[in-house]
Amino acid sequence: MSEQPQGPGWWLASDGRYYPPAQAPQAPQAPQAQFAPVSPPSQYQPPAPGAGPVPSSGMSGCGKVALVAGGVLLVLGVVVVVAVVIGVRWLGNKATEFVEPGSCEITSDAVVSEALGTPITLEKGTGLGGLVSGIIDARVLADAPSCWGSAAGEDSGGLLVRVAVVRGGDAAARFQAEVKQAKGVVVSSTDDGEGTSTTVETTPYYGTAVEGIGDEAFCTSLGLTGTVGILVRSGEDLVYASVGGTPDGTATDLLDETAGCERARKLASAVLAG
């Protein structure tokens, strides 16, 4: 060491003296950076601060509700189908009770078949089946002893008939009551006190008066199942005959009330003649 540098490379230390180059301190080596092995990114990323809750990977609440609702609807559908099947079977059994199967005691198959020109098989029936099903025409003499019959096949036109007979009693009064009913009856009538009135009437089904058979007669209008009937009073006897369909299987005059009335008149005449 020296108070003055003695040559190149001498260096000034912190004590104010100079030292030769051999005594110069070694510069510290910079530490080498160490890198951790890179791992593949995780599929789950933690939420950032302030972010909302992370949704669960399971089924959401709405999905569970939809699943439960679907199950309930499936069960209800099965219940409805079972109820319909049971209902159809019940109605099938009740239909047999309403029409009272048995041989017709009013007229014969031969009389009806000859009048309509096609084989008809008659069954005993009160006509109440028509009130339930709408198939049998029970608009006139609904509570009278009745027979109904049908003819199936290519030449029958799906023919459906009903014959009802009332013997004895006040036939004229009963006939007029049936006419009144057929023309529509007022069920109720109300007045609001300000000149506006409301009247409820039954649906009329009176067609036209018919001459040349019995003492008095009228035909009905076309029924829901294409039937037209005729009510005939002959003395103290009342006969109602209705026919739906066409004997020859054609549909050209199926909705013709005049043609339907003529078919019903032929049938009523045959029944009256016996």
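Specify which of the listed residues (Thr208, Thr220, Thr118) is among the polar types (S, T, N, Q), at pLDDT 85 or above, surrounded by 21 or more Cβ atoms within 10 Å (Cβ to Cβ) and over 17 Å from Glu236 (Cα atoms).
Sole residue among the options that is among the polar types (S, T, N, Q), at pLDDT 85 or above, surrounded by 21 or more Cβ atoms within 10 Å (Cβ to Cβ) and over 17 Å from Glu236 (Cα atoms): Thr220.
Inspect all residues belonging to segment 249-260 and state whether any of them is within 26 Å of Pro145 (Cβ to Cβ) and not in a strand (DSSP E or B).
So far as segment 249-260 goes, yes, one or more of its residues are within 26 Å of Pro145 (Cβ to Cβ) and not in a strand (DSSP E or B).
Name, by its number, the condition in (1) closer than 27 Å to Glu123 by Cβ; (2) at pLDDT 95 or above that does not hold for Thr225.
Here Thr225 meets the rest and fails (2).
Could you tell me whether Val232 is surrounded by 15 or more Cβ atoms within 10 Å (Cβ to Cβ) and modelled with pLDDT of 95 or more?
Taking the combined requirement at face value, the residue satisfies it.
Going by what's in this entry, would Gly149 be described as within 15 Å of Ser242 (Cβ to Cβ) and modelled with pLDDT under 85?
Here the answer is no, as Gly149 does not meet what is asked.
In segment 172-220, which residues are basic (Lys, Arg) and touching a residue at least 24 places away in the same chain (Cβ under 8 Å)?
Arg174
The values are calculated or read from the model by the stated rules, or taken from the named source; none is laboratory data. On a predicted model such as this, the values are computed, not experimentally measured, just so you know. Neighbour counts are summed over all protein chains in view; Cβ atoms, including those assigned to glycine, are modelled from backbone coordinates with ideal geometry.
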